Every structure is written in structure tokens, then in C-alpha cells.
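Read through the structure below, which is laid out as C-alpha cells, and then see the notes.
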Amino acid sequence: MRAGKEDRNKAQQRREAMGKDSVWSLIQRFSGPAIISMTVASSYNLVDAIFVGKLGPSALAAMSTTFPLTLSFIAIASGTAMGVTSLIARNLGTGDNENADRTASVAITLCFLLSSIILAICLPVLNSMLRALGASGEVLQLARSYMFILIVFNVFSYLSLVLASIIRADGNPVFSSSISISTAFLNIALDPVFIFGFGPVPAFGIQGAAIATVIAQATGTAVFLFHIISGRTGYKFRPEYFLPDLRIVTGIYKVGMASIVRSGAQFVVIGVINNTAASFGVVPLAIIGVLLRAGRFIQMPVLGLGQGIVPVIGYNYGAQRKTRVAEVVFKIALAGSLWTLVCWLVIMLFPTQVMSVFSGESEFLIEGALAIRLYMLAFFTLGLRMVPGFLFQGIGKGFPATVLTIAQNIGFLLPLVLILPRFFGLTGLWLAFPIADALALLLGQLWMNFELHRQGISFLWWKTVTARE
């Protein structure tokens, strides 16, 4: 009993630190572990592609066609987790601990509901979905064998992401991220075992990558559940709290809908991209899968930065510390920009070396080196592009974040993908990405600065940072 009280007191102290400690300290404490965990977690997508690439271009192309689906499933879970984190943080900022407890409970229920819906909808039409994403013949068979396992056991993916966010929102990001990191490394370690076989384990090929992922996610889920059930968080769980509450669900998806809309938009856009690439042959289809995974890998630390800091934004916004909110926005923009600039420089200087990690075939390397340079032309703006969404999600304004997401994918990228290849061939496909990135940057910055001005925060961020409430 005493131990449980001490744990709750520590949790309360961690929560209050979000409104007191220095911003750089909070970024390090909250976003640091999230950045590491999300980077490591996304690295297994790259590792999957590296190992599967050894099976041949068709297997790598199959991974390309499944990428929109896996990305969509993860985005739905991430959107739910982001909404849960923001709502819990704002409840804690206003001192409403009971609603924070109810939100955490409903989030767990949502994991089972969402994964069941995905299973019921996707499995019967899996072949049709994969064909729409550019798969056919041998590529279709390989893609189906991979996705079947991930869909059937999708509940572990949802639970591991949402439980990690619940624990992070409680003010304990280190534990949450350390478990996520450990499960990602487990996934990477199991990949070659199940893909190529080892000892008594037979070679499952591309299907083995999915088996490794499910085992790792199930392990992470078990550890998170044990941590919560053992009473080491500040939450109080009661049976009635797990019943879906429309008010809480609405509050979650008011913020999280941006990520879910992003997943739907990405599914449509990547489907068109895959089909466009496939019209030029199997190699371009394999290349686009590598480019999207590489882009996702670079994006993950910035997403981790936002995932970690959204509770801090929400807490301070709920406590009416708006100057502190502006300081957080300025500093995460700086941190995200530095990371993306370093990655951009590496790719611009060594494109062939980067692509050779996935395949050594000459056609793949020649076309891939040009493709990745064009694809990444404006990628150094990623940090600045994503910060507006973090701000709007943190303060509970899901509509602007959702619109920015739609604009990036549907408003800008999709028309460019449909138009440019008709005039410039395959080069036009690669150029569509940096042009869309530049347009999204302009829209996001204008909208965010308008919101800061509306909140009474100076456009001169350096003055905002030095100001003190």
C-alpha cells in the first residue's frame, strides 16, 4: 500500500515537472527516449527491406506494395496514441485526474475494437487491396503472405503503441521508450532467423519478416501490461472506465484524426505512386519502396520529437502558460531541422552508397542514385513542416492538423504524381515529392504563425523564448 502511494507521488511529481523544468531538459527527457525508440522501431522496416532484398527484386517490390497498408495500420494506432497522450496531458494540466484515468482505460479498449475492425474489413479483400497498390503475379503472392500475418495479429501492434503512450503521458517516457527500443531490437534480431532459417527454424522467406514483427510486438505488449497492472503508474483503473465513452473517444480523435486522415491519404497517394512506378517496371517499383522507407526512417526521429513533446505542450496549454508553449515550439523546430539537415547532406553526397545497402544490381543503383537525390531535394525542411501539426495536436486543435495533412498528400503530392510523369517520365515521379514538400512547408508555417498571433504570441520567436510569464 505504501509502495503504491509512493509510486503515485512520484508520478505526480513527474507530471508537475512538465510545467516547471527547462524546455531543453523536457525535450531531452520526453522526446529523447521517444526519438530513440521510434528511430529504432522504424529501423526494422529498413532492416526488413535489406534482408528481403536478398531474396530478389520481386520480394523487394512486394515490400513496396505492402508499405501503404502497414503505414496505414500504424498511423491509425499512432493517431489514437497521439490523441490519448494529448487528452491525458491536458486533463492532468487542469488537475482532472479522473478523466485522465478514464481516457487511459478507454484507449486500451479501442485497441481491441480497432484491430478487430481492421481484421474484418481487410482480410476478405486483401488481394484486391494489394492489386490496387501495384501488386500482380509473383509480387502479389509474396505481398499477401506477408500482410496476412500482420493483419491477423494486428492487436499487438496497437496495444504496444497505445500502452507506451499512456505510460509516456504519465510522465515516464524513459521506461516507455526503453521497452519500445528493446522490442525493436528483438524484431531486428529475429528477422534473419525467420526469413532465412536457423537451426530448427525453417526459412519462411518474406513471411518470416512478419512473424518476427508479431513476436516482438507481443513481447512489448506483455511488458507494458505488467507495468500497468502492477500499479507503477499514477492511473487508477476501474472496470467501468473501460466502457467506451463518446465524450472521451471524441476528445481522442479530435486530435488523433490528423494522423488517421494522414494514413488514409497516404494509402491513396502511395497506391497511385506504386502503380505509376510499376508502369515503368519492377525495378522502379522496388526503388520507390526503398525511398519511402528511407524517408520514413528520417521522419521517425521528428515524429518522436513531437510524440514526446505533445504532452508538454498540452500540459502547459491547459495550465495557460502560453509563452512556454511558444518556447517549446521554437526549440523542437530547431532540433528537428538540425536532424533533417544532417540526413539530407549524407544522401546528397553519397546516394549510390545509400542505395547499395538494399541491392547491388546495376540498374537499381543507377536509377536509384538519381531517384533518391531528387526525392530528397527538399527533405531538409521536414522538421519545419511537421512542427505546426505538433502545436495544433498539443493544444487540442485537430482540425488544422488534419487539413495540413490532407493538403500535403491529397492537395499537393497526388496531383503532382498524376501530372509530372506524363511530361517528364520517371524523373517527374521523383520530382513530385520535393515540390509537394515546399508547398506544404509554406502552408504549415503560415497557419501556425496565424495561430500564434491569434493566441497573442509574438511572431518574433526569439523574443518569445526570452520572455517569462
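The values are calculated or read from the model by the stated rules, or taken from the named source; none is laboratory data. Because the structure is predicted, anything quoted here is derived from the model rather than measured. We place every Cβ from the backbone using ideal geometry, glycine too, and count neighbours over all the protein chains shown. Surface areas here come from the heavy atoms of the whole protein model, side chains and all, with no ligands, DNA or RNA. Shrake-Rupley method; radii C 1.70, N 1.55, O 1.52, S 1.80 Å.
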Taking θ = phi - 60°, what integer Hz values does the Karplus form 6.51 cos²θ - 1.76 cosθ + 1.60 yield along the range 70-84, in sequence order, with x for Gly and Pro?
4, 5, 5, 4, 5, 5, 5, 5, 5, x, 4, 5, 5, x, 5
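For the range 150-287, report the % of Cα-Cα distances exceeding 26 Å.
It works out to 45 percent of all Cα pairs.
I'd like to compare 433-444, 270-281: which one has the highest average count of other Cβ atoms within 10 Å, and what's the full order after that?
The densest-packed peptide leads the list: 270-281, 433-444.
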Using just the alpha carbons, could you tell me how many Å³ per residue the convex hull of the range 358-447 encloses?
100
Going highest first, how would you order 163-170, 133-140 by mean Cβ packing within 10 Å?
163-170, 133-140
Per residue, how big is the convex hull of the range 137-205 when only Cα atoms are used? Give it in Å³.
101
Residue-normalised value, i.e. accessible area per residue, for the range 120-274 at 1.4 Å probe, in Å², stands at 41
To the nearest 10 degrees, how steeply does helix 282-318 sit against the main Cα axis of the chain, on a 0 to 90 scale?
0
For the chain, just the Cα set please: Rg and Dmax, both in angstrom.
21.8, 71
Sorted by accessible area (1.4 Å probe), largest first, how do Arg454, Arg90 line up?
Arg454, Arg90
On a 0 to 90° scale, report how tilted helix 137-152 is relative to the longest principal axis of the chain, with both axes built from alpha carbons and the result rounded to the nearest 10.
20
Counting only the heavy atoms of the protein chains, how much of Arg232 is accessible to a 1.4 Å probe, in Å² to the nearest 10?
120
The chain: angle of helix 206-229 to the longest principal axis, Cα-based, in degrees nearest 10
10
Share of carbon and sulfur in the accessible heavy-atom surface of the range 240-296 [1.4 Å probe, %]:
70
Normalising by the residue count of the chain, find the relative contact order in percent from Cα pairs under 8 Å and 6+ residues apart.
24
Fully extended, how many nm does the chain gain between Leu123 and Gln28 (0.36 nm per residue separation, minus their Cα-Cα distance)?
30.1 nm
